[in-house]
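Notes follow once the structure below has been shown.
Please treat every number below as a calculation from the coordinates, not as lab data. Owing to the predicted nature of the structure, the values given are computational and were not obtained by experimental measurement. Note that we place each Cβ from the backbone using ideal geometry, even for glycine, and neighbour counts take in every protein chain shown.
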Amino acid sequence: MAAALARRLSGLLRPLSVSLCAKTPQVCQLSSLLQPQPLYSSVAAAGSAPLRAAVCQTPRYNILQRVSSLIPSLTQQPSRSLTYYSVKKGKRKSVKSVPDRFMRLHCGLWIRRKAGYKKKLWKKKPARRKRLREHVICNKTQSKLLDKMTTSFWKRRNWYVDDPYQKYHDRVNLKV
């Protein structure tokens, strides 16, 4: 893994040092700092000058374009994918992942499972597995956002037989 990472980073930094060819004096000084000057004779340096000029004519990309291929989430902006007006009925639609990942209590709180509660359990200690099984209550900002992402269907009160969350649905002296 370290070798693959080193290859990626060298491939990333190599075009950076090549793209810093002498256009302005400041860039010249920066490129000389990045690449140490050779210690051999000036005849060899004169022979490598056309090679350096050819390398400078390669297409230049900014750092974001080079890194975005390695990290695709860098250029993708997060979106809630909330539909305000549906095509068929013109109604607001819920974001489907919200009812799958979260549960709304009737008092307005949202609860969720901890991240990674079903990933690589074989390498986690029993105490950590127990902590991951616990539920987390979302804060006020997250609850408001999740309320905006769902329709009134998910906010109505449901009565289930033997509901394990029955004692948590109604809270006393709690403002959300």
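For the reader, a short list of remarks on this structure follows.
- Residues in the range 92-143 that are in contact (Cβ under 8 Å) with a residue 60 or more places away in the chain and touching a Lys or Arg at 6+ places or on another chain (Cβ under 6 Å) were compared, and the one that is surrounded by the most Cβ atoms within 10 Å (Cβ to Cβ) is His106.
- Output for the range 131-150, where each listed residue is in contact with a strand residue (DSSP E or B) (Cβ under 7 Å, 6 or more places away or on another chain) and of a type in the set (Val, Ile, Thr): Val136, Ile137
- Residues satisfying the stated conditions in the range 144-157, i.e. surrounded by 10 or more Cβ atoms within 10 Å (Cβ to Cβ) and closer than 15 Å to Cys107 by Cβ: Lys144, Leu146, Asp147, Trp154, Lys155
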